[in-house]
Amino acid sequence: MTTPVIGMRVSHGLFGVGTVESTFDKLLTVRYDDPSRLGVYDVTRFDDYLTVIVDARSAVVEPVYEFEPRWRVLGDIEHERAAQDAKWGEQHWPDGTDASYAVHADGARELCNLAAAEGRLTWRHILNEEHYEALAETDPAKLRVELIQIAAVAAAWAEDIDSRDDVERIEYVTADGTITPAGMAWANGDLDDETPHPEPTC
(Lines give C-alpha, C1' and ligand atoms only; values in the text may rest on other atoms or scores of the structure.)
Protein backbone atom coordinates (compact mmCIF):
# COMPACT_ATOMS: atom_id res chain seq x y z
CA MET A 1 0.00 0.00 0.00
CA THR A 2 1.31 3.44 -0.92
CA THR A 3 1.97 5.74 2.03
CA PRO A 4 0.82 9.27 1.16
CA VAL A 5 3.20 12.11 1.97
CA ILE A 6 2.32 15.80 2.07
CA GLY A 7 3.50 17.42 -1.14
CA MET A 8 3.32 14.17 -3.14
CA ARG A 9 2.13 14.72 -6.71
CA VAL A 10 -0.66 12.37 -7.73
CA SER A 11 -3.14 11.86 -10.55
CA HIS A 12 -6.76 10.78 -10.55
CA GLY A 13 -8.25 9.17 -13.65
CA LEU A 14 -11.24 11.53 -13.58
CA PHE A 15 -10.16 14.67 -11.75
CA GLY A 16 -6.66 15.19 -13.12
CA VAL A 17 -3.45 16.04 -11.29
CA GLY A 18 -3.05 17.32 -7.76
CA THR A 19 -0.90 17.48 -4.66
CA VAL A 20 -1.41 15.70 -1.35
CA GLU A 21 -2.25 18.61 0.92
CA SER A 22 -2.78 16.96 4.30
CA THR A 23 -3.19 13.63 6.04
CA PHE A 24 -5.20 13.21 9.20
CA ASP A 25 -6.71 10.20 10.96
CA LYS A 26 -7.69 7.82 8.16
CA LEU A 27 -8.22 10.46 5.50
CA LEU A 28 -6.02 12.42 3.14
CA THR A 29 -6.81 15.49 1.07
CA VAL A 30 -5.66 16.23 -2.45
CA ARG A 31 -5.71 19.74 -3.88
CA TYR A 32 -6.12 19.37 -7.63
CA ASP A 33 -4.52 21.77 -10.09
CA ASP A 34 -8.01 23.12 -10.66
CA PRO A 35 -8.14 25.14 -7.39
CA SER A 36 -11.88 24.59 -6.97
CA ARG A 37 -11.45 20.83 -6.76
CA LEU A 38 -10.46 19.25 -3.45
CA GLY A 39 -10.47 15.48 -2.96
CA VAL A 40 -10.84 13.58 0.30
CA TYR A 41 -9.90 9.90 0.32
CA ASP A 42 -9.56 6.98 2.70
CA VAL A 43 -5.83 6.50 3.29
CA THR A 44 -6.17 2.72 3.07
CA ARG A 45 -7.67 3.03 -0.42
CA PHE A 46 -5.06 5.42 -1.78
CA ASP A 47 -4.04 3.01 -4.54
CA ASP A 48 -7.67 2.53 -5.62
CA TYR A 49 -8.07 6.19 -6.55
CA LEU A 50 -4.67 7.83 -6.97
CA THR A 51 -1.42 7.23 -8.82
CA VAL A 52 1.86 8.76 -7.66
CA ILE A 53 3.50 10.85 -10.39
CA VAL A 54 7.14 9.85 -10.71
CA ASP A 55 7.83 11.26 -14.17
CA ALA A 56 6.69 14.87 -14.58
CA ARG A 57 5.67 14.08 -18.15
CA SER A 58 2.92 11.81 -16.81
CA ALA A 59 1.34 14.82 -15.11
CA VAL A 60 -0.52 15.71 -18.28
CA VAL A 61 -3.89 14.19 -17.42
CA GLU A 62 -7.07 15.49 -19.03
CA PRO A 63 -9.56 16.60 -16.33
CA VAL A 64 -12.47 14.54 -17.65
CA TYR A 65 -14.98 15.96 -15.19
CA GLU A 66 -14.83 19.31 -16.96
CA PHE A 67 -16.41 17.69 -20.01
CA GLU A 68 -18.49 14.94 -18.44
CA PRO A 69 -21.22 16.27 -16.09
CA ARG A 70 -21.79 12.75 -14.78
CA TRP A 71 -18.23 12.48 -13.44
CA ARG A 72 -18.61 15.83 -11.72
CA VAL A 73 -21.71 14.57 -9.89
CA LEU A 74 -20.13 11.21 -9.07
CA GLY A 75 -17.06 13.01 -7.77
CA ASP A 76 -19.21 15.11 -5.48
CA ILE A 77 -20.93 11.94 -4.25
CA GLU A 78 -17.54 10.39 -3.53
CA HIS A 79 -16.57 13.48 -1.54
CA GLU A 80 -19.84 13.46 0.37
CA ARG A 81 -19.40 9.80 1.31
CA ALA A 82 -15.90 10.52 2.55
CA ALA A 83 -17.27 13.41 4.59
CA GLN A 84 -19.94 11.16 6.10
CA ASP A 85 -17.34 8.58 7.06
CA ALA A 86 -15.18 11.27 8.62
CA LYS A 87 -18.13 12.60 10.61
CA TRP A 88 -19.84 9.36 11.68
CA GLY A 89 -17.44 6.52 10.94
CA GLU A 90 -18.63 3.26 9.41
CA GLN A 91 -22.37 2.96 9.93
CA HIS A 92 -24.55 -0.12 10.33
CA TRP A 93 -28.30 0.22 10.92
CA PRO A 94 -31.41 -1.93 10.43
CA ASP A 95 -33.07 -1.43 7.04
CA GLY A 96 -36.42 -0.46 8.56
CA THR A 97 -38.32 -1.24 5.36
CA ASP A 98 -41.80 -2.77 5.46
CA ALA A 99 -44.19 -4.26 2.94
CA SER A 100 -46.87 -1.88 4.24
CA TYR A 101 -45.18 0.87 2.20
CA ALA A 102 -46.32 -0.94 -0.96
CA VAL A 103 -49.53 1.10 -0.95
CA HIS A 104 -47.46 4.29 -0.96
CA ALA A 105 -45.29 2.89 -3.76
CA ASP A 106 -48.39 2.09 -5.82
CA GLY A 107 -49.75 5.59 -5.23
CA ALA A 108 -46.45 7.24 -6.13
CA ARG A 109 -46.22 5.13 -9.30
CA GLU A 110 -49.75 6.10 -10.33
CA LEU A 111 -49.03 9.79 -9.73
CA CYS A 112 -45.81 9.52 -11.72
CA ASN A 113 -47.57 7.83 -14.65
CA LEU A 114 -50.42 10.36 -14.54
CA ALA A 115 -48.02 13.32 -14.48
CA ALA A 116 -46.14 11.84 -17.45
CA ALA A 117 -49.38 11.31 -19.38
CA GLU A 118 -50.46 14.90 -18.71
CA GLY A 119 -47.08 16.38 -19.60
CA ARG A 120 -46.25 17.65 -16.10
CA LEU A 121 -43.73 15.05 -14.98
CA THR A 122 -41.04 16.33 -12.61
CA TRP A 123 -37.99 14.86 -10.92
CA ARG A 124 -40.00 14.91 -7.69
CA HIS A 125 -42.46 12.42 -9.14
CA ILE A 126 -39.69 10.11 -10.34
CA LEU A 127 -37.63 10.18 -7.15
CA ASN A 128 -40.71 9.82 -4.95
CA GLU A 129 -41.70 6.65 -6.80
CA GLU A 130 -38.22 5.13 -6.39
CA HIS A 131 -38.15 6.19 -2.74
CA TYR A 132 -41.35 4.37 -1.80
CA GLU A 133 -40.45 1.31 -3.85
CA ALA A 134 -37.31 1.00 -1.73
CA LEU A 135 -39.19 1.46 1.54
CA ALA A 136 -41.59 -1.34 0.53
CA GLU A 137 -38.81 -3.83 -0.31
CA THR A 138 -37.86 -6.23 2.49
CA ASP A 139 -35.52 -8.54 0.57
CA PRO A 140 -31.97 -7.15 1.11
CA ALA A 141 -30.73 -8.06 -2.37
CA LYS A 142 -33.73 -6.45 -4.06
CA LEU A 143 -33.54 -3.49 -1.66
CA ARG A 144 -29.98 -2.86 -2.78
CA VAL A 145 -31.18 -2.69 -6.39
CA GLU A 146 -33.84 -0.16 -5.38
CA LEU A 147 -31.29 1.95 -3.49
CA ILE A 148 -28.97 2.03 -6.50
CA GLN A 149 -31.94 3.17 -8.59
CA ILE A 150 -32.60 5.97 -6.08
CA ALA A 151 -28.95 7.01 -6.25
CA ALA A 152 -29.01 6.94 -10.05
CA VAL A 153 -32.15 9.08 -10.24
CA ALA A 154 -30.69 11.57 -7.73
CA ALA A 155 -27.48 11.73 -9.78
CA ALA A 156 -29.45 12.29 -12.99
CA TRP A 157 -31.39 15.08 -11.28
CA ALA A 158 -28.13 16.71 -10.15
CA GLU A 159 -26.75 16.41 -13.70
CA ASP A 160 -29.87 18.13 -15.00
CA ILE A 161 -29.42 20.98 -12.50
CA ASP A 162 -25.77 21.32 -13.56
CA SER A 163 -26.89 21.67 -17.18
CA ARG A 164 -28.96 24.77 -16.41
CA ASP A 165 -27.20 28.01 -17.27
CA ASP A 166 -28.85 29.99 -14.47
CA VAL A 167 -27.71 27.69 -11.64
CA GLU A 168 -24.48 28.51 -9.83
CA ARG A 169 -22.45 25.65 -8.39
CA ILE A 170 -22.45 25.78 -4.58
CA GLU A 171 -19.05 25.80 -2.93
CA TYR A 172 -18.24 26.05 0.76
CA VAL A 173 -15.67 28.46 2.13
CA THR A 174 -13.72 27.31 5.17
CA ALA A 175 -12.42 29.59 7.88
CA ASP A 176 -9.05 29.87 6.12
CA GLY A 177 -10.70 30.85 2.82
CA THR A 178 -10.29 27.48 1.15
CA ILE A 179 -12.98 26.64 -1.39
CA THR A 180 -14.24 23.07 -1.06
CA PRO A 181 -16.92 21.03 -2.84
CA ALA A 182 -20.40 21.02 -1.34
CA GLY A 183 -20.80 18.68 1.60
CA MET A 184 -17.09 18.43 2.37
CA ALA A 185 -16.24 21.19 4.78
CA TRP A 186 -18.56 20.22 7.63
CA ALA A 187 -16.75 16.89 7.95
CA ASN A 188 -13.69 18.71 9.27
CA GLY A 189 -15.67 21.13 11.42
CA ASP A 190 -13.93 24.10 9.82
CA LEU A 191 -16.80 26.07 8.30
CA ASP A 192 -16.96 29.70 9.18
CA ASP A 193 -20.00 30.86 11.14
CA GLU A 194 -21.68 32.52 8.17
CA THR A 195 -21.43 29.64 5.70
CA PRO A 196 -24.66 27.63 5.27
CA HIS A 197 -24.05 23.91 5.30
CA PRO A 198 -26.03 20.67 5.29
CA GLU A 199 -26.97 19.06 8.58
CA PRO A 200 -26.21 15.33 8.36
CA THR A 201 -29.33 14.38 10.28
CA CYS A 202 -32.80 13.16 9.37
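The values are calculated or read from the model by the stated rules, or taken from the named source; none is laboratory data. Treat the numbers as computed from the prediction; the structure is a model and nothing was measured. Don't worry about glycine lacking a Cβ; one is built from the backbone with ideal geometry, like all the others, and counts go over all protein chains shown.
Scanning the range 88-103 for residues that are among the β-branched types (Val, Ile, Thr), part of a loop (DSSP other than H, G, I, E, B) and either assigned by TED's automatic domain parsing to the domain that holds Glu130 or modelled with pLDDT of 95 or more (or both) turns up at least one hit. A count restricted to the range 88-115 and to residues that are of a type in the set (A, V, I, L, M, F, W, C) and either surrounded by 13 or more Cβ atoms within 10 Å (Cβ to Cβ) or touching a strand residue (DSSP E or B) at 6+ places or on another chain (Cβ under 6 Å) (or both) stands at 6. Scanning the range 1-25 for residues that are without any contact (Cβ under 8 Å) to a residue 24 or more places away in the chain and among the charged types (D, E, K, R) turns up just one, Glu21.
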